[in-house]
Amino acid sequence: MIGQAVFNNLSSMVVFIALARLLTPQQFGIVAFATIFIDLGRVIVAAGIPDALIQRVEWDDDVASTAFWTNLSIGLALCAILSLVGAPLAASLYDPTFSLVLAALSLSLLIDGSTAVHGAKLRREFRYKTLAARGMLANTISGIAGVALAYAGWGVWALVASRLFAASIGAVLIWTSTKWRPRLTFAASHVRGFLAFSLHLLGTQLLAVSNSQIVGLVIGAVLGPAALAQYRVGTRALNMLVSMVITPLQSAATSAFSRMQDTEGRIGAAYFRLTRTCSLVACPVFLGAAAVGPDFVHLVFGKQWGTAGQIMAINGLVVGPVVIMYFFTPALASMGKSALALQSGIAASAGNLIAASIAAPFGVLAVTAAQTLRAYITLPFSLRLLKRGLSIGPVAMIKTIMPALTAAAIMAAILAILQRTVLLEMSPLERILIMVAVGVPLYFVGLFVIDRRTIADSAREFAPLLGRLTNRKRGPEQHEKR
């Protein structure tokens, strides 16, 4: 699954860059806006039912068949609503092309409904290799098809076709990977049984997706598809760096915390260690991205995405609240206090909606700045929840990231000055190369001057890992001699 995540991130980014260069912001934004509704619909189609099947002690074909027909019915209903109601409304109130795109993409919800139970069975049997292979193959074929169609002049429909190809190919592969087939049976008692578990999960998942999509929804509705496309490219550029550098640490957090179920003191100490380690990477990545953002986007995506570069720079400034809260949900979930994480999510969603709604009339850059400001405004509330859940004081939590944050801020400030003076006449590629070459050693020197203890503590954290890697490289014979 890690291999799939890395492959999908890299391959999807290559496709994303190619399509961003071949399509206009308006075309890109129309599909991005429609995708917001599709992503929300995908959560509703699943309705938490696959997770309910996975957690059952034994697999029951009758229960699974009922779940299959339930997911398929929800997918069919949502497809009909978006096609027959949502699309005509969008055509009259928003944009005719958007309405057609929304209707076409709604077919993917029906496809998702037909594969939810099959995917649950594969996950239940720990056949993650099969799932990973299926995902990589579907993404590769659909990505190549999308780029080819965009190059051939299909415009917005290249993106639509690519997404439908991915869903269809994935469905065929997942059906052929499992021998299970649904029976022609449906029992309301089974529905009540798994919905009792899945409805709470559905609410949490809907909140998470809504929180990630609500800003895009406001931008698309108020400012239009082109502005939404600029926002998507700007945020995707930073997310690309985060997904390859920081997300692996976050992915390991749940497993790490699950081994410490005895006291909140142990989990609190682990939270400190993970947050400190993450800050050493996240702070220079985010603030470095803020410094090189405009040049990076211009170089990678093209000059038509100039606003996206400024969005990437503004997004990089949110690093403080982000790094503190990276492991918030895994830590609380491991202690059975997920309600506190839900409260934090609700506050973030409400804050995002209010901030985006207020800033939208002033443009997409104002919306981006409002989101960054919102993160700092709601941070005290999240820190209070952290204290309630893990008994971690807000001051101590902030102090643990300050060395890395201060060193990265100094680095970013110096890079920004160089960018606007000495490096001003250089090309974007030359500026990026020089800024990276200067920024990396500058950050570590600053960190050493500010708090060398942080470096020493982190070195002790990684020493056992480095020792194991060294032993592996020695080989069995050298290891025996040692």
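The values are calculated or read from the model by the stated rules, or taken from the named source; none is laboratory data. Because the structure is predicted, anything quoted here is derived from the model rather than measured. Note that each Cβ is placed from the backbone with ideal geometry, even for glycine, and that neighbours are counted across all protein chains shown.
Every listed requirement among (1) farther than 16 Å from residue 20 by Cβ; (2) modelled with pLDDT under 90; (3) surrounded by fewer than 21 Cβ atoms within 10 Å (Cβ to Cβ) is met by residue 161 save one, (2).
Residue by residue, here is whether (1) surrounded by fewer than 18 Cβ atoms within 10 Å (Cβ to Cβ); (2) at pLDDT below 70; (3) out of contact with any Gly (no Cβ under 7 Å at 6 or more places or on another chain) holds:
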position: 186; (1), (2), (3): yes, no, yes
position: 198; (1), (2), (3): no, yes, no
position: 203; (1), (2), (3): yes, yes, yes
position: 210; (1), (2), (3): no, no, yes
position: 214; (1), (2), (3): no, no, yes
position: 218; (1), (2), (3): no, no, yes
position: 222; (1), (2), (3): yes, no, yes
position: 233; (1), (2), (3): no, no, yes
position: 250; (1), (2), (3): yes, yes, yes
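Let's see how each residue does on (1) at pLDDT below 75; (2) over 19 Å from residue 217 (Cβ atoms); (3) hydroxyl-bearing (Ser, Thr, Tyr); (4) over 19 Å from the mean Cα position of the chain (by Cα):
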| position | (1), (2), (3), (4) |
| --- | --- |
| 13 | no, yes, no, no |
| 18 | no, yes, no, yes |
| 32 | no, no, no, no |
| 60 | no, yes, no, yes |
| 64 | no, yes, no, yes |
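Applying the selection to segment 258-293, what residues are at pLDDT below 65 and under 14 Å from residue 330 (Cα atoms)? Selection gives 258, 259, 260, 261, 264. Which residues, taken from segment 39-86, are surrounded by 17 or more Cβ atoms within 10 Å (Cβ to Cβ), farther than 19 Å from residue 185 by Cα and polar (S, T, N, Q)? Answer for segment 39-86, where residues must be surrounded by 17 or more Cβ atoms within 10 Å (Cβ to Cβ), farther than 19 Å from residue 185 by Cα and polar (S, T, N, Q): just 83.
Note on segment 264-296: residues that are over 20 Å from residue 440 (Cα atoms) and not charged (D, E, K, R) total 9.
Residues of segment 60-81 include at least one that is among the aliphatic types (A, V, I, L, M), assigned to a helix (DSSP H, G or I) and closer than 26 Å to residue 229 by Cα. Checked against (1) loosely packed, with under 15 Cβ neighbours inside 10 Å; (2) within 26 Å of residue 52 (Cβ to Cβ); (3) modelled with pLDDT of 80 or more, residue 153 passes all but condition (2).
Scanning segment 379-409 for residues that are surrounded by fewer than 18 Cβ atoms within 10 Å (Cβ to Cβ), among the β-branched types (Val, Ile, Thr) and within 21 Å of residue 445 (Cβ to Cβ) yields one hit, 406. Quick one: in segment 359-378, of everything that is among the polar types (S, T, N, Q) and assigned to a helix (DSSP H, G or I), which residue is surrounded by the fewest Cβ atoms within 10 Å (Cβ to Cβ)? Among them, the one singled out is 372.
Every residue, every condition in (1) in contact with a helix residue (DSSP H, G or I) (Cβ under 6 Å, 6 or more places away or on another chain); (2) crowded, with 19+ Cβ neighbours inside 10 Å; (3) acidic (Asp, Glu), yes or no:
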position: 130; (1), (2), (3): yes, no, no
position: 146; (1), (2), (3): yes, yes, no
position: 166; (1), (2), (3): yes, yes, no
position: 176; (1), (2), (3): no, no, no
